[in-house]
Amino acid sequence: MLASKSPRILAVANQKGGVGKTTTAVNLATSLAAVKQRVLLVDMDPQGNATTGLGIQRADIRKSVYDLLFDGGKASQVAMKTKVPRLSIVPSSVHLSGAEVELVTAKHREHRLKQALFEDMEYDYVIIDCPPSLNFLTLNSLVAAHSLIVPLQCEFYALEGLSQLTKTIGLVQKHFNPQLNIHGILLTMFDKRNRITRLVEEDVREYYGDKVYKTTIPRNVRLSEAPSYGLPGIIYDMNCVGSQAYIRLAREVIGREKTIYNQQKVA
Ligand SMILES: Nc1ncnc2c1ncn2[C@@H]1O[C@H](COP(=O)(O)OP(=O)(O)O)[C@@H](O)[C@H]1O
Ligand SMILES: [Mg+2]
């Protein structure tokens, strides 16, 4: 569908930790690969949870996001194959925590990732797993991305965090990347029996309307077990409710992509 174009770049972002960014990045990337898309996952988090979650051993990593940010070159030259057909990863590395400081004085410090991904025709989708903070690594991701997927856990302060992120998006649009938008807000670790969950869902849907994906991701222990086996949830147990939800999410993401793509063609 989008094969002849530059890849669509979607960053999974939320400055809050533990909201399901990495779980979403890994399982969405795998689900997209499962429906015949060529996918690259970029692990921008120094903690490297997406990297280990895909079974990549530290000893096997020759080049990482760090090399991409500092030595230039194309993402596909650094990418490693994963056990999932059509899914590659640019792994994280421990050096990445130092990169944050090194980038402060570097030239084109906000555009490094964008340059590395520019017209890399090897992929249909690039999914970026952002760190849980607003630093230069996140900024590089927001500058490179066309669109953001924002996982949100339905808890008391969720909306405040979201308005903070919206302000950041505004700043990035103004200074670096005018086209950046929110692809969708994804309610994660969703538990309909919980009153707070229901109240937060109501508020988020009322305020953000269609921006909130119809698909919600339930709290599901199989999804949290999978990384310890070095497997994406949807490979570890394709039939569990969590995996099924991520497969639905992938369909919804592709559906939105088609709408956006057709709108661009008409414009
Ligand atoms: N839908 C879910 N059900 C159960 N556990 C989940 C789910 N999504 C994420 N988790 C677990 O919650 C923790 C935080 O998720 P993670 O994806 O690492 O968040 P982040 O990348 O935002 O820090 C991890 O231990 C993960 O396995
Ligand atoms: Mg993470």
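The values are calculated or read from the model by the stated rules, or taken from the named source; none is laboratory data. Everything numeric here is computed off the predicted structure, so don't read it as measured data. Backbone-built Cβ (ideal geometry, glycine too); neighbour counts: all protein chains shown.
Structure notes:
- Just so you know, in segment 84-116 the residues that are exposed (fewer than 15 other Cβ atoms within 10 Å of the Cβ), at pLDDT below 95 and assigned to a loop (DSSP other than H, G, I, E, B) include one that is nearest to the chain's Cα centre (by Cα), and it is Val94.
- The condition (being farther than 20 Å from Ala250 by Cα, within 16 Å of ligand 1 (Cβ to nearest atom) and either of a type in the set (A, V, I, L, M, F, W, C) or within 14 Å of the chain's Cα centre (by Cα) (or both)) is satisfied by just one residue among Leu186, Leu199, Leu148, Leu162: Leu162.
- Which listed residue is β-branched (Val, Ile, Thr), under 22 Å from Leu28 (Cβ atoms) and surrounded by fewer than 19 Cβ atoms within 10 Å (Cβ to Cβ), from Thr188, Thr138, Thr168: Thr168
- With a requirement of 3 or more residues that are of a type in the set (Val, Ile, Thr), the helices (runs of 4 or more DSSP H) lying completely within segment 215-267 that satisfy it span 241-266.
- Within segment 215-236, the set of residues being in contact with a strand residue (DSSP E or B) (Cβ under 6 Å, 6 or more places away or on another chain), more than 16 Å from ligand 2 (Cβ to nearest atom) and among the β-branched types (Val, Ile, Thr) comprises just one member, Thr216.
- Boolean, Thr216 is more than 30 Å from Phe136 (Cβ to Cβ), hydroxyl-bearing (Ser, Thr, Tyr), surrounded by 17 or more Cβ atoms within 10 Å (Cβ to Cβ) and under 19 Å from the mean Cα position of the chain (by Cα): yes
- Complete set of residues in segment 202-218 that are aromatic (Phe, Trp, Tyr) and under 15 Å from Glu252 (Cα atoms): Tyr213
- Extreme residue, surrounded by the fewest Cβ atoms within 10 Å (Cβ to Cβ), among residues of segment 11-41 that are touching a Leu at 6+ places or on another chain (Cβ under 7 Å) and not in a helix (DSSP H, G or I): Gln15
- Residue that is farthest from ligand 2 (Cβ to nearest atom) [pool: residues in segment 42-65 that are at pLDDT 95 or above and assigned to a helix (DSSP H, G or I)]: Val65
- Failed item in (1) surrounded by fewer than 17 Cβ atoms within 10 Å (Cβ to Cβ); (2) touching a residue at least 60 places away in the same chain (Cβ under 8 Å), with Lys81 passing the rest: (2)
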